[in-house]
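A.B. asks: Pasting a structure below so you can have a look.
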Amino acid sequence: MSDKSIYRQIREELKLSREKASEMMGAITPERLERIENGKFQATPWEVGCMAQTYNKPELRNHYCANECELGINRVKEIEVKDISQIVLEIINSLNTINTTKDRLVQITVDGKIDDDEIDDFVEIQKELDEIAVTVNTMQLWVEKMINSGKINKEIYEQKKDGRI
């Protein structure tokens, strides 16, 4: 594994100099970018957003929240960029197990409390729900990447999503 920061790795994968990346962002100086990439300064959420947008790497926001943000560490799961076919298979698998999970969750919580002998099942259900949430977030990340790359028409997508058409 590389000892380079993810910000530097992505910039270099795109074959951008710091100067060119800075110019494209229009907001982060090459010097500031160098300090962020070398770990001398932690990027702000706004700077991560600029890099994510400029590099068309929305996963940078998730990486930041999962690994650098004090509020997100241990709360936000890092999302792995996947192909749509893998995401769909994971969604189908989750949907196939949800009925059993739903029924057991109702049994556990119907009395408004979780008894000691129900905790194991409840924790397992929480883990399954966390996996579903990660899969949904993975799909959202994929959609954002497709919109940013022009493979999904952003205007039509947003109109449909908002119910305007």
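The values are calculated or read from the model by the stated rules, or taken from the named source; none is laboratory data. This one's a predicted model, so the numbers in the text were calculated from it and none came from an experiment. All Cβ positions, glycine included, derive from the backbone under ideal geometry; neighbour counts span all protein chains shown. These area figures cover heavy atoms from the full protein model, side chains too; ligands, DNA and RNA do not enter into them. Shrake-Rupley method; radii C 1.70, N 1.55, O 1.52, S 1.80 Å.
A.B. asks: Pairs needed: first member in the range 26-51, within 21 Å of Asn62 (Cα to Cα) and modelled with pLDDT of 95 or more; second member anywhere, open to solvent by less than 30 Å² (accessible area, probe 1.4 Å) and acidic (Asp, Glu); C-beta distance under 6 Å; at least 6 residues apart or different chains.
C.D. replies: Within 6 Å, the pairs are Ile28/Glu47.
A.B. asks: If you don't mind, there's one more thing I want to ask. Of the conditions (1) open to solvent by 70 Å² or more (accessible area, probe 1.4 Å); (2) modelled with pLDDT of 95 or more, Arg164 clears all except one; give me its number.
C.D. replies: (2)
A.B. asks: Next question. Where the second residue is open to solvent by less than 70 Å² (accessible area, probe 1.4 Å) and part of a loop (DSSP other than H, G, I, E, B) and the first is without any contact (Cβ under 8 Å) to a residue 60 or more places away in the chain and lies in the range 54-81, which pairs have Cβ atoms under 6 Å and are six or more apart or on separate chains?
C.D. replies: If the second residue must be open to solvent by less than 70 Å² (accessible area, probe 1.4 Å) and part of a loop (DSSP other than H, G, I, E, B), the pairs left are Cys65/Gly72; Cys65/Val76; Ala66/Gly72; Ala66/Val76.
Condition check ((1) over 30 Å from Ala52 (Cα atoms); (2) open to solvent by 60 Å² or more (accessible area, probe 1.4 Å); (3) modelled with pLDDT under 95) across all residues:
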position: Asn96; (1), (2), (3): yes, yes, yes
position: Ile108; (1), (2), (3): yes, no, no
position: Asp111; (1), (2), (3): yes, yes, no
position: Asp120; (1), (2), (3): yes, yes, no
position: Leu129; (1), (2), (3): no, yes, yes
position: Ile132; (1), (2), (3): no, no, yes
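A.B. asks: Follow-up. Asn153 versus (1) of a type in the set (S, T, N, Q); (2) at pLDDT 95 or above; (3) touching an Asp or Glu at 6+ places or on another chain (Cβ under 7 Å): which is the lone unmet condition?
C.D. replies: The single condition Asn153 does not satisfy is (3).
A.B. asks: Of the conditions (1) closer than 30 Å to Arg8 by Cβ; (2) part of a helix (DSSP H, G or I); (3) charged (D, E, K, R), Asp120 satisfies every one except a single condition; which number is it?
C.D. replies: Condition not satisfied by Asp120: (1).
A.B. asks: Assuming Leu141 fulfils every condition listed in (1) assigned to a helix (DSSP H, G or I); (2) more than 30 Å from Ser17 (Cβ to Cβ); (3) touching a residue at least 40 places away in the same chain (Cβ under 8 Å) apart from one, which condition is it?
C.D. replies: In the conditions (1) assigned to a helix (DSSP H, G or I); (2) more than 30 Å from Ser17 (Cβ to Cβ); (3) touching a residue at least 40 places away in the same chain (Cβ under 8 Å), Leu141 misses (2) alone.
A.B. asks: OK, next. Looking at Lys127, Lys151, Lys161, which is the one that is without any contact (Cβ under 8 Å) to a residue 24 or more places away in the chain, out of contact with any helix residue (DSSP H, G or I) (no Cβ under 8 Å at 6 or more places or on another chain) and closer than 30 Å to Lys20 by Cα? Don't jump to the end; show me each part of the working.
C.D. replies: Working: Lys127 fails: closer than 30 Å to Lys20 by Cα; Lys161 fails: closer than 30 Å to Lys20 by Cα.
One residue alone meets the criteria, Lys151.
A.B. asks: Name, by its number, the condition in (1) open to solvent by 50 Å² or more (accessible area, probe 1.4 Å); (2) farther than 24 Å from Ile10 by Cα; (3) under 20 Å from the mean Cα position of the chain (by Cα) that does not hold for Glu90.
C.D. replies: Answer for Glu90: the failing condition is (1).
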